[in-house]
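Trainee: Below you will find the structure I want to go over with you.
The values are calculated or read from the model by the stated rules, or taken from the named source; none is laboratory data. As the structure is a prediction and not an experimental result, all values here were calculated from the model. FYI the Cβ positions are ideal-geometry reconstructions off the backbone, even for glycines, and counts take in every protein chain you see.
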Amino acid sequence: MQGGSVSRASIAKQTGLSKQTISEIVRQLEEEGWVQETGRTSGHVGRTAVTYELVPSAAYIVAVDLGGTKVRVAICDLSSHVFAEETEPTHPAGGQAIVAQIAALCWKTADKGGVARNKLRIAVVGAPGAPQPETGRVLLAPNIAGFDQMDVAGALEQALGFEVMLENDVNLAVLGESWLGAGQGIDNLAFIALGTGVGSGLILNGQLVRGATNAAGELGFLPFGADPFEPESLRAGAYERKVASVGIMARYRDAAGHDATVPAIFERANAGETAAVAVLDETARYLARGIGAIAAVANPEKVILGGSIGARPELVERVRHMLPLCFPYPVEIAASVLGNHAALVGAAAIGLSHLHNTLFGTETPESRISLPPANAVSLREALL
């Protein structure tokens, strides 16, 4: 039903439920305003069947992308139409202050889009680090103070008054790119976000890989780059200390004898400055090594580079050149299509899929996301 008008027989086939059960579910959903009759099937031999579709305004999803510097909120309906989006600097106090900020930003965005607050049914929040479903805490997120000491999911549900799902932000990004971005149609896909930190999301055989404690893809903790036995490497990660923004600026300081921001380093490299060019070359070597590590274990067909640093074309081209020098199998390298909205798109996908599963009381086949391509395009255009 997410793909448009569909008959009860088709829903039964997709979900594996009996036609009688589907008829009862559809009747109840129609009474409650979730679905509506759209016509009858045509072009088939034999009897026609009544077709139904979801009522787009029956519920709304809140998609949240929480980062160390910014928090973004978007609200979309069941047809993937985005009604409003808002962005603010992340509250520096962390913890409960960020919970209150997300709630306030949610209400502000709903009001901006003319969406009644009682129609908001679920919030999907992407956060850096490893969310823990059992406790609601978020581990391995040093840029978000206090989230490792509190039930973040519980606090958000109390503040918002409806269901909240916590997910790693880069996991949402790889889902977003898989749905609407550079990874469409690819079942074995990796996404690497490189900026102030570094992380990765992985889809294998069409399934999102989370790991035992939701920490799969914490690329920053690869045990190379800086010394992994140094105390700082246990906090920020040995690899992150070298490949992310702090490492890039430190290498430039050593090479040039003075400080510069990462954007300035890219500008100077493009202008031909020797020190800046050497820094970007070395950064690409580190990034190629990280991709090689992922490829050796997971064998993705494609790796998408995102984040404020990772998606820069100067770096993407360097990585394409460097990777074959350190890894023997071909891996396609691409820049993110969705940019800083990848996690928001992934959050919308998770929310829509979850509401669909809730309505029909079953999981989508093989837990794959099946969403409407036509309306999905409008989601991408609205966010970009």
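Trainee: Regarding region 185-197, can at least one residue be identified that is assigned by TED's automatic domain parsing to the domain that holds Glu301 and assigned to a helix (DSSP H, G or I)?
Mentor: no
Trainee: Where residues in region 256-290 are among the aliphatic types (A, V, I, L, M) and surrounded by fewer than 17 Cβ atoms within 10 Å (Cβ to Cβ), which of them is nearest to the chain's Cα centre (by Cα)?
Mentor: For region 256-290, the residue satisfying everything is Ala264.
Trainee: A further question on this structure: Can you name every residue in region 172-183 that is in a helix (DSSP H, G or I) and touching a strand residue (DSSP E or B) at 6+ places or on another chain (Cβ under 7 Å)?
Mentor: Leu172, Ala173, Val174, Leu175, Glu177, Ser178
Trainee: If you don't mind, there's one more thing I want to ask. Against the conditions (1) in contact with a strand residue (DSSP E or B) (Cβ under 8 Å, 6 or more places away or on another chain); (2) among the aliphatic types (A, V, I, L, M); (3) assigned by TED's automatic domain parsing to the domain that holds Arg117; (4) free of Cβ contacts under 8 Å to residues at least 60 places away in the same chain, where does Leu208 fall short? Just the number, please.
Mentor: (3)
Trainee: Identify all residues within region 93-112 that are touching a helix residue (DSSP H, G or I) at 6+ places or on another chain (Cβ under 9 Å), in a helix (DSSP H, G or I), of a type in the set (Gly, Ala, Ser) and over 15 Å from Ala123 (Cα atoms); write none if there are none.
Mentor: Once the filter is applied, which keeps residues that are touching a helix residue (DSSP H, G or I) at 6+ places or on another chain (Cβ under 9 Å), in a helix (DSSP H, G or I), of a type in the set (Gly, Ala, Ser) and over 15 Å from Ala123 (Cα atoms), region 93-112 yields only Gly95.
Trainee: Can you find a residue in region 215-223 that is in the same structural domain as Ile291 (by TED's automatic domain parsing), surrounded by fewer than 17 Cβ atoms within 10 Å (Cβ to Cβ) and of a type in the set (Gly, Ala, Ser)?
Mentor: Checking region 215-223: at least one residue is in the same structural domain as Ile291 (by TED's automatic domain parsing), surrounded by fewer than 17 Cβ atoms within 10 Å (Cβ to Cβ) and of a type in the set (Gly, Ala, Ser).
Trainee: Here's a follow-up. Tell me which helices (runs of 4 or more DSSP H) are completely within region 291-384 and hold 3 or more residues being surrounded by fewer than 22 Cβ atoms within 10 Å (Cβ to Cβ) and at pLDDT below 90, or say none if there are none.
Mentor: 342-360, 373-383
Trainee: Within region 189-201, is there a residue that is surrounded by fewer than 24 Cβ atoms within 10 Å (Cβ to Cβ) and touching a Pro at 6+ places or on another chain (Cβ under 9 Å)?
Mentor: No, region 189-201 has no match at all.
Trainee: Please go through region 142-171 and give me each residue that is part of a loop (DSSP other than H, G, I, E, B), in contact with a Lys or Arg (Cβ under 8 Å, 6 or more places away or on another chain) and over 18 Å from Lys70 (Cβ atoms), ordered by number.
Mentor: Residues satisfying the conditions are Met150, Asp151, Phe162.
Trainee: If you check Val345 against the conditions, is it farther than 21 Å from Asp187 by Cα and either in contact with a Pro (Cβ under 7 Å, 6 or more places away or on another chain) or aliphatic (A, V, I, L, M) (or both)?
Mentor: Answer is no for this residue.
Trainee: Let me ask something else. When Glu240 is evaluated against the numbered criteria (1) in a helix (DSSP H, G or I); (2) surrounded by fewer than 21 Cβ atoms within 10 Å (Cβ to Cβ); (3) of a type outside the set (Lys, Arg); (4) in contact with a strand residue (DSSP E or B) (Cβ under 9 Å, 6 or more places away or on another chain), which criterion, by number, is the only one it fails?
Mentor: Checking Glu240 against (1) in a helix (DSSP H, G or I); (2) surrounded by fewer than 21 Cβ atoms within 10 Å (Cβ to Cβ); (3) of a type outside the set (Lys, Arg); (4) in contact with a strand residue (DSSP E or B) (Cβ under 9 Å, 6 or more places away or on another chain), the one that fails is (2).
Trainee: In region 225-237, how many are of a type in the set (A, V, I, L, M, F, W, C) and surrounded by fewer than 15 Cβ atoms within 10 Å (Cβ to Cβ)?
Mentor: The total comes to 2.
Trainee: OK, next. Can you tell me which residue is nearest to the chain's Cα centre (by Cα) among those in region 115-141 that are buried (at least 17 other Cβ atoms within 10 Å of the Cβ) and in a loop (DSSP other than H, G, I, E, B)?
Mentor: Pro128
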